[in-house]
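None of the figures in this text is laboratory data; all of them are computed from the coordinates on show. From a predicted model like this one, the values you see are computed outputs, not experimental measurements. Heads up, the Cβs are rebuilt from the backbone with ideal geometry, glycines too, and the neighbour counts pull from every protein chain shown.
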Amino acid sequence: MLTQFTTSTLDMAVLILMLICVLIQLFYFWYFFARLAFLKKNPSYNTNPELAPVSIVICAHNEYRHLLKNIPLILDQQYPSFELIIVNDRSDDGSKELLEDFARNNSRISVINLTQNLNFFKGKKFPLSIGIKSAKYEHLLLTDADCTPASQHWISSMMRNYTPQKEIVIGFSPYKKKSGLLNGLIRFDTLHTAVQYLSMALAGKVYMGVGRNLSYKKTVFLKNKGFITHYDIPSGDDDIFINKVGTARNTAIEISAQSHMVSEPHRHFGTWTRQKRRHLSTGMYYKRATKWLLGMYIGTQSGFYLCVGLLFFTALPIYVPLSLFFIRFISQEIIYIRIAKQLNQSFPWLLLPFAELFFVIFNPILSIYNLFAKPVKWM
C-alpha cells in the first residue's frame, strides 16, 4: 500500500509540474509572442520620414569574397544620402586592396585599416567602436560583411521607424535556406530567437538585437560609453549593449521582408557550434529582470519536455500527457506559423517539437561547456 501511494503521489507531482509548465508556456505564447504573430503594422512607423542621412558600419576580417559580392548591393540601395564605413581588421586575404579599389571609385565608401591586435578589446567591439566614432552621420546602421540586403529598400525600411522618441531600430537577419539538417537547425534557431527578442520588444521588454541588422543613433552609443562596460567579453556588441540602453520608449522593430539582411549559414557543425557558444556566453550579463524573464520561459520549456518523458512511464492514462502536449503544440504551431509568415520564413512545422527538443538539450550542454572552456574569439 505504501509503495502504491508513493508511486501515485509521484505521478501526480509530475502531472502537476507539467500542467504548471504548460500554463506558463501558454502565457508566453499568447501574451508575448502573439504580439508579433498578429502584428498588423509597426506602431512606430514614421509616415513622413525625413530620410535622414545614414552611416552604415561593417567590420570585416578576411571577408574578401563576401565584400566583393555585397558592397555593390549596399551601394545600390535606393536611399538619398548614406556613407559606407568598412573597418578592415587585420585581413590578409586581399581585402585591403579590394576595399581601397572600391573607395577610389565611390566617394560614399570610407575604409579604416587596422593593423594591430589590441588584446584588451575582445571580439569585434574595438573595430566596431572605431567605425562608429568615425561615422559622420547621427543615424547608424550596422551589419556584417557576409550579409546580403534582401531588397534595395533595406536602409529606407529600417530608417522609417525613427521618430522623435525612437533611437534604436531592431531588425531581422535570417539565414539563407539551403539543403541539409544543419541548415534547418540554424534557421529554426534563428527564428526561435527572433520570436523571443522581437516579441519582447513589442511588449516593452527590450533585451537584444542582432548585429547583422541593427540601427541606433550615434549619441546613444556615445552617451552610454559604447562597449566600455563589457569590452572584455568576446560577444555582446548587439545584445548586451541593447539590453543596457533599449527601453519600451526608445526602441522600435522592423520585420518587413524588404528590410531583412540575409546571412550566409555555416556549413560545418563545428564552426556553427563555436558561434553558438559565443552567443550563449553573453546571457549572464543581461539585466536581472531579463534573466528572470528568459529563464522562466527556458526553464518551463525544459520542464515540459522532461515531464512528457516521465509521464509516459507512469501509471497515468496515456491520454493525460498527450492532451497537455497537444494543447501546447497547437498553440505553438498557430503562433509560430503566423510569425514565420510575418518574417517571410518557412519551416517543416510538424517537426517543430523535435527541433525544439534538440535545443532544449543542446544549449545547456554548450552553456556548461562554456564554464570550463576558453572563451570563443570573434575570429
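Pairwise alpha-carbon distances in the range 199-255 exceed 12 Å for 65% of all pairs. The shape of the chain can be summarised by an equivalent ellipsoid whose semi-axes, obtained from the alpha carbon gyration tensor, come to 41, 22, 19 Å from longest to shortest.
Normalised by 2.2 N^0.38 Å, with N the number of residues, the alpha-carbon radius of gyration of the range 211-320 equals 1.47.
When peptides 216-227, 56-67 are ranked by their average number of other Cβ atoms within 10 Å per residue, the highest-first order is 56-67, 216-227.
With K and R counted +1 and D and E -1, the other residues having a Cβ less than 10 Å from that of Gln301 yield a net charge of 0. Each of Ile228, Leu310, Met208 was placed along the dipole of the chain (beta-carbon charges, centred on the mean Cα), and the one lying farthest toward the positive end is Ile228. With the biggest extent put first, the Cα atoms of the range 135-245 measure 45, 34, 30 Å across the principal axes. Listed by chain and number, the aspartates and glutamates whose alpha-carbon sits under 14 Å from that of Lys176, ignoring those within fewer than 8 places in the same chain, are Asp146, Asp189, Glu264.
Three principal axis extents describe the C-alpha atoms of the range 54-271; from largest down they are 46, 44, 39 Å. Evaluated with a Cβ-only charge set (Lys, Arg +1; Asp, Glu -1), the chain carries a dipole of roughly 500 debye about its Cα centre, given to the nearest 20.
Leaving out same-chain residues fewer than 8 places away, which lysines sit with a Cα under 17 Å from that of Lys124? Result set, ordered by chain and number: Lys133, Lys225, Lys276, Lys377.
Tally the DSSP beta bridges in the chain and give the antiparallel ones as a percent, rounded to 5.
Roughly 30 percent of the beta bridges in the chain run antiparallel, per DSSP.
Largest first, the three principal axis extents of the alpha carbons in the range 151-197 are 44, 26, 9 Å in whole numbers. For the range 259-325, the Kirkwood hydrodynamic radius from C-alpha pairs, put into Stokes-Einstein at 10 °C and a viscosity of 1.306 mPa s, yields a diffusion coefficient of 102 µm² per second. Dipole magnitude for the range 214-313: about 340 debye, using +1 per Lys or Arg Cβ and -1 per Asp or Glu Cβ, origin at the Cα centre. Volume per residue for the range 275-360 equals 136 cubic angstrom (convex hull of Cα atoms).
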